[in-house]
Amino acid sequence: MNAGTDIEKGGGTARGYFERPRLKMANIELDDLSFGEIVEYSKIIINEKKRNLFIVTLDILGAYNSLFDERYAAIAGGADIITCDGAGLKMLSYIKSPRNIKNKVSGVDLSEKFLGLAAREGFRVAFIGSKPEVVERLEAEVGSKFKGTGECFYHHGYFDARGRAAIIERLSKFAPDIVLVALGNPAQEKFIADLGPFLKGAVMMGVGGTFDVLSKTLRRAPAVMQKLYLEWLFRLYQQPSRILRMTNIPKYILYALFSEAVKWIRKK
């Protein structure tokens, strides 16, 4: 399957709609948009059926991965909307003050907003990724909590190249309005890049571990921890195996600070 897509060449269909410049920081760019703005624009895209909308919810680990994976960097950079998903990038954006990021838009929260939209409008939703048992629980939760949602497509995240092609073919026939892909970064963004040419008028987003939360396989951090930007710590408590990848967070912070310092010095 041809991996070369319009996504990798640069998207940005949302730029003309919002007429708001992206915040450029180190090697990344971020859109400072609210949940309401994103959902409203997504509804327009779905109803018009002229083009897709590709959303990346970017956290520090994703930003770090983009330093070493050229294809992922091209795909993420070509997204129509790039949100700030996580306290790390939000706080790091203060080096750009007063143009720092005001809105933290996580994959979990935005997925719930999209499912609420699907329930109200009868939109069709595709869920790809996670473990088979998690997908089974997810299907039950979506059916119970988001009644009114149109027909849904579910598939776990365990498939080879042949299975991948078969899933994309099935999705092209299913014609979903919303596509949520939980394969982890950067695999989920690469899957979306391959899927995009086969859909029209679809909102597509990589959601990481969101299915674990929506299916209630894992608990969401208490509200107080979310407000204190400690949701990552609660997730680490539930999934200690994440500790190794967490060591990449300070590495990226140092890289970003150094990169911005060099830019500042060169302007002098």
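Rule-based calculations on the coordinates, nothing more; no lab input. Values in this document were obtained by computation on a predicted structure and should not be read as measured data. Positions of Cβ are backbone-derived with ideal geometry, glycine not excepted, and every protein chain shown enters the neighbour counts.
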So between K147 and L218, what do we pick up on full extension, going 0.36 nm a residue minus the alpha carbon distance? 23.3 nm
Of the beta bridges DSSP finds with both residues in the chain, what % are antiparallel, to the nearest 5? 15
Label-point separation (nm) for A187 and L230, each offset 7 Å from Cα along Cα-to-Cβ? 3.2
Go ahead and run the numbers for FRET between E169 and E136, Cβ-Cβ distance against an R0 of 25 Å, rounding to 0.05. 0.60
What do you get for GluC sites (Glu not before Pro) in segment 14-43 restricted to DSSP loop and a cutoff of at most 12 other Cβ within 10 Å of the site's Cβ? E19
Distance in nm between label sites at L67 and F159, each 7 Å beyond Cα in the beta-carbon direction? 3.3
With +1 on the Cβ of every Lys and Arg and -1 on the Cβ of every Asp and Glu, the dipole magnitude of segment 6-108 about its Cα centre, in debye rounded to the nearest 20, is 240
A 31 angstrom limit on the alpha carbon distance is what I want to check against. Which of K131/K200; K102/K131; K96/K145; K24/K131; K43/K190 exceed it? K102/K131; K96/K145; K24/K131
Within segment 149-179, trypsin sites (Lys or Arg not before Pro) in DSSP loop having at most 16 other beta-carbon neighbours inside 10 Å: none
Label-point separation (nm) for N47 and R242, each offset 7 Å from Cα along Cα-to-Cβ? 3.6
Please work out the Cα center distance from segment 69-132 to segment 177-192, rounded to the nearest Å. 11
Could you give the size of the charge dipole of the chain about its Cα centre, using +1 on the Cβ of each K and R and -1 on the Cβ of each D and E, expressed in debye and rounded to the nearest 20? 680
Between (1) 33; (2) 15; (3) 20, which entry matches percent of Cα pairs over 32 Å apart as derived from the coordinates of this structure? (3)
Segment 133-214: GluC sites (Glu not before Pro) falling in loop per DSSP and having at most 13 other Cβ within 10 Å: E151
